[in-house]
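Just so it is clear, none of the values below were taken in a lab; they were calculated from the coordinates. None of the values given here were measured: they were computed from a predicted structure. Positions of Cβ are generated from backbone atoms using ideal geometry, with glycine treated the same way; all protein chains shown enter the neighbour counts.
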Amino acid sequence: MKDIFCEVREGNARKLIQWLGEGGDIENARQPHNETLLMQACMNGHARLTTMLLDAGANILARSNTARLPVTYAAQSGDYDTVMLFLNRGYGINDDISGCNNNETFLFWAVCQPSYFLVHYLIKMGADVNARNHDNVTALINSADAGELEICKLLINKNAAINALDNNGNSPLNRAIDKGHLCIRKLLIEKGANIAGLLSASVPEKREIADTEA
């Protein structure tokens, strides 16, 4: 028989109802890295199971061994309905949801997933497209790194800083080149990304791009 974490991972509401009805211990059911059932439901974008667990008393502020909260996993899943559950339960659109004071917002996580609708909604509701985490990484740097072309377009159209640099000196263009995302590279250059910083780059491909585009 599958354990309850497998059932929740697969979105099996009937098994969760049965487990809860039999007196399942929500708080003490943990995985090796201290993830809870609520985290499992959130990370897989199962809004219905997330609601069931919250209504059954699951701790919304529980932390994994890496200090992540259920809301962190919800945002990382990119699932609109699951994210909305947390926004409707008191979280602010620009709150730090990292669990460890990294200044990572809903948008910071959502842009790494193919979740255009969620990203569009978050921005519409006031998400700061130029918010930076503790490493000065922006949503556009994240989406360029993840290869999410349509989300990069959306962020740029909403005035995301195209030449923002993180603490390692990486811009969205640098990350797109490093990951081989050619369409994003082309988009960023067309929209005015600074290629001057590539001239002294040690990576031959970056020097070639700079020479070609200059």
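Quick look at the values:
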{"item": "Taking H120, H46 and counting other C-beta atoms within 10 Å, the order from fewest to most", "result": "H120, H46"}
{"item": "In nm, spacing of pseudo-spin labels at D55 and N168 (7 Å Cα→C-beta vector)", "result": "4.4 nm"}
{"item": "Pairs of Cα atoms farther than 26 Å apart, the chain, %", "result": "42 percent"}
{"item": "Kirkwood-type radius of region 1-85, with distances r between different C-alpha atoms, in Å", "result": "12.4 Å"}
{"item": "Region 67-181: C-alpha gyration tensor shape, a/c 1.5 cut-off, then a/b vs b/c", "result": "prolate"}
{"item": "Inter-site label distance for E10 and K124 at 7 Å from Cα along Cβ, in nm", "result": "3.6 nm"}
{"item": "Residue of Q40, Q18, Q76 that the Gaussian network model of the chain assigns the largest fluctuation, springs spanning Cα pairs under 10 Å", "result": "Q18"}
{"item": "Members of K153/K191; K158/K191; K124/K179 lying beyond 19 Å, as alpha-carbon distances in this model show", "result": "K124/K179"}
